[in-house]
Structure formats: structure tokens, C-alpha cells
Amino acid sequence: MSLAARVRSEFVASWHSFLRRRTAVFFTFFFPAIIVVIFGALVQTQPTGGGLFAEPKEYYIAGYLAVVVLFTPLSRVGSTIARHREGSRFEKLATTPLSRAEWLLAHSLVNVVVIGLAALLLLALSALVTGASIPLTPATLAIVPFVALGVTLFCGLGAVIGSVADSQDGVIAASNAIALPLLFLSETFVTPDLLPAWFVPALNLSPLTYFARGVRALTYGGGDWLTNLAVLAALAVAFFAAGTLAIPRTD
């Protein structure tokens with residue numbers, strides 16, 4: 001089998017495995033929707049009001065997208081690796097031509113498709129529920145590579161977590177412990193001016209920051225999104241490589 005055929009075969013198997021987990025399918029799309037409803041429609045933004053959600057509603061679109069780009073890959077890929085370890089699946093995969101990089105690539109592509117659909121739902125809900133105005137320009141299509149690279153990056157990190165954690169419960173605990181601080185300390189919902197001045201430079205250490213900055217430049221206020229895309233691409237390659245190396249070797 002060619003590389004493309006091997007990846008396609010694992011992609012199809014992973015896709016059907018995801019569809020069979022109806023609870024996972026439901027919450028993959030329900031969770032981001034409820035985030036938009038709670039923060040966008042119930043809490044609402046209060047420009048000039050000060051504090052949290054004091055920016056225009058378009059400012060927080062990047063944050064809504066960051067939720068699914070961050071949480072879903074970390075938990076799904078991490079849990080899949082932990083489940084494969086417990087079921088000795090990697091020992092079986094070692095008897096096939098499928099390499100660790102190809103396995104992770106296939107699972108990353110599944111997540112890109114799933115989260116891409118969830119991101120599309122989020123954009124539609126943001127416009128319908130909150131009344132946010134999303135610019136419809138050719139540049140807006142750059143959101144697609146931002147989502148794809150962000151998902152790939154956190155699939156790589158999820159692979160590292162899944163390989164280190166001792167169980168699926170451990171994966172969920174570790175994923176949440178990493179994801180929650182990243183979500184609120186990456187220029188998503190908390191603006192830099194609300195943080196201590198000494199901490200602001202640390203925002204540049206979070207890969208999610210570059211995703212949020214780039215998407216926000218495309219959906220609100222303009223700005224340099226190309227630099228953020230380039231940084232995110234470099235980080236995605238690095239984290240994917242780290243995830244590949246972390247996958248248990250049984251050959």
C-alpha cells in the first residue's frame with residue numbers, strides 16, 4: 001500500500017469509530033454551541049463596561065473557535081492512545097506497514113474535519129445568536145488553515161499526553177489541567193490589559209495565543225495574521241513531531 005492508501009485506510013477506520021461514539025459526536029458539537037449561547041446570548045458583551053466581556057462581540061469569535069480547537073484534539077487523541085495502550089492495539093498495528101507518523105496524521109485529519117464542521121457551526125451561531133458581524137472577504141478563508149494547523153498542533157500535544165498518562169481518566173485530567181489555563185491565558189476571552197504587566201510577555205509562550213491573534217485579525221479589527229499563521233505552522237510541525245515520537249513503539 002502507498003502512504004496515501006495507508007493514511008486513508010486509518011482515516012476511514014477512525015472516522016467510523018468516531019461516528020459510533022454517539023455521545024462524543026453530540027458533545028463535540030453541543031459543547032461549543034452552549035459556550036456561544038451562554039457567553040454570547042446570556043452573559044453578552046458590554047463594551048465600555050469594563051472587566052470581562054467588555055470588548056465588542058466580534059472580539060470573542062476567536063475565543064469561541066479556540067475552545068474546540070484546544071479541547072477536542074487534546075482529549076480525543078489522548079484518550080485514543082490511552083485506549084489503544086490498554087487494549088494492546090499498538091502491538092497489532094506494529095504488524096502492519098502503518099508508521100506512527102501516518103497513524104497520527106490520519107487521526108489528525110479526522111479531527112480537522114470534525115472540528116472544522118464544529119467551527120463552521122460556531123461561526124454561524126455567533127452571527128445568528130450574538131449578532132456578530134463576520135467580514136466576508138477572501139482573506140476570511142484563511143481561518144481554514146488556522147483551524148487545521150491549530151488542530152494538528154493540539155493533536156500532537158494530545159498524543160504526548162496520551163503516551164505519558166497512565167489511563168484514560170488520567171488523560172482527561174491532564175488535558176483539562178493544561179487546556180483550562182491555556183484557554184484563559186492566550187488572548188481569547190481575557191484581554192491582556194486585565195492581566196498583570198509582568199505576566200503579559202508570557203502570553204507569547206502559549207501556542208493558542210497565535211491562533212487567537214490570527215483569527216481575531218481576520219474576524220475583528222484587522223492586523224497581521226500572516227505572521228501568526230507562520231508561527232502557528234512552525235509550532236504545529238514541532239508538536240506533531242513530538243507527538244509522533246511519543247506514540248508507544250512496539251516494533
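Output the residues belonging to the range 148-166 that are of a type in the set (A, V, I, L, M) and open to solvent by 10 Å² or more (accessible area, probe 1.4 Å).
Ala148, Leu149, Leu157, Val160, Ile161, Val164, Ala165
Between Leu180, Leu194, Leu185, Leu205, which is open to solvent by 60 Å² or more (accessible area, probe 1.4 Å), more than 21 Å from Gly116 (Cβ to Cβ), in contact (Cβ under 8 Å) with a residue 60 or more places away in the chain and not charged (D, E, K, R)?
Of Leu180, Leu194, Leu185, Leu205, the one residue that is open to solvent by 60 Å² or more (accessible area, probe 1.4 Å), more than 21 Å from Gly116 (Cβ to Cβ), in contact (Cβ under 8 Å) with a residue 60 or more places away in the chain and not charged (D, E, K, R) is Leu194.
For the range 178-200, what are the residues that are among the charged types (D, E, K, R) and in a helix (DSSP H, G or I)?
Selection gives Asp193 alone.
For Val237, which of the numbered conditions (1) aliphatic (A, V, I, L, M); (2) open to solvent by 40 Å² or more (accessible area, probe 1.4 Å); (3) farther than 22 Å from Gly156 by Cβ fails to hold?
Evaluating Val237 over (1) aliphatic (A, V, I, L, M); (2) open to solvent by 40 Å² or more (accessible area, probe 1.4 Å); (3) farther than 22 Å from Gly156 by Cβ leaves (3) as the failure.
Let me spell it out: the conditions are (1) farther than 26 Å from Ile134 by Cα; (2) under 18 Å from the mean Cα position of the chain (by Cα), and Tyr210 meets all of them except one. Which number is the exception?
(1)
Any idea which of (1) free of Cβ contacts under 8 Å to residues at least 40 places away in the same chain; (2) in contact with a helix residue (DSSP H, G or I) (Cβ under 7 Å, 6 or more places away or on another chain); (3) on the phi < 0 side of the Ramachandran plot is the one Pro248 doesn't satisfy?
Of everything listed in (1) free of Cβ contacts under 8 Å to residues at least 40 places away in the same chain; (2) in contact with a helix residue (DSSP H, G or I) (Cβ under 7 Å, 6 or more places away or on another chain); (3) on the phi < 0 side of the Ramachandran plot, Pro248 misses just condition (1).
Applying the selection to the range 5-21, what residues are part of a helix (DSSP H, G or I) and either among the charged types (D, E, K, R) or open to solvent by less than 60 Å² (accessible area, probe 1.4 Å) (or both)?
Ala5, Arg6, Val7, Arg8, Glu10, Phe11, Ala13, Ser14, Ser17, Phe18, Arg20
Report those helices (runs of 4 or more DSSP H) wholly inside the range 72-177 carrying at least 3 residues which are over 22 Å from Val12 (Cβ atoms) and either modelled with pLDDT under 85 or hydrophobic (A, V, I, L, M, F, W, C) (or both).
Answer list for the range 72-177: 100-129, 143-164.
I need a count of the residues in the range 22-37 that are crowded, with 16+ Cβ neighbours inside 10 Å and farther than 13 Å from Val67 by Cβ.
1
Going through the range 78-89 one residue at a time, which ones are crowded, with 18+ Cβ neighbours inside 10 Å and within 18 Å of Arg6 (Cβ to Cβ)?
Thr80, His84
The values are calculated or read from the model by the stated rules, or taken from the named source; none is laboratory data. Note that this is a predicted model, so its numbers are computed, not measured. All Cβ positions, glycine included, derive from the backbone under ideal geometry; neighbour counts span all protein chains shown. Note: areas computed on protein heavy atoms with side chains; ligands, DNA, RNA excluded. Shrake-Rupley method; radii C 1.70, N 1.55, O 1.52, S 1.80 Å.
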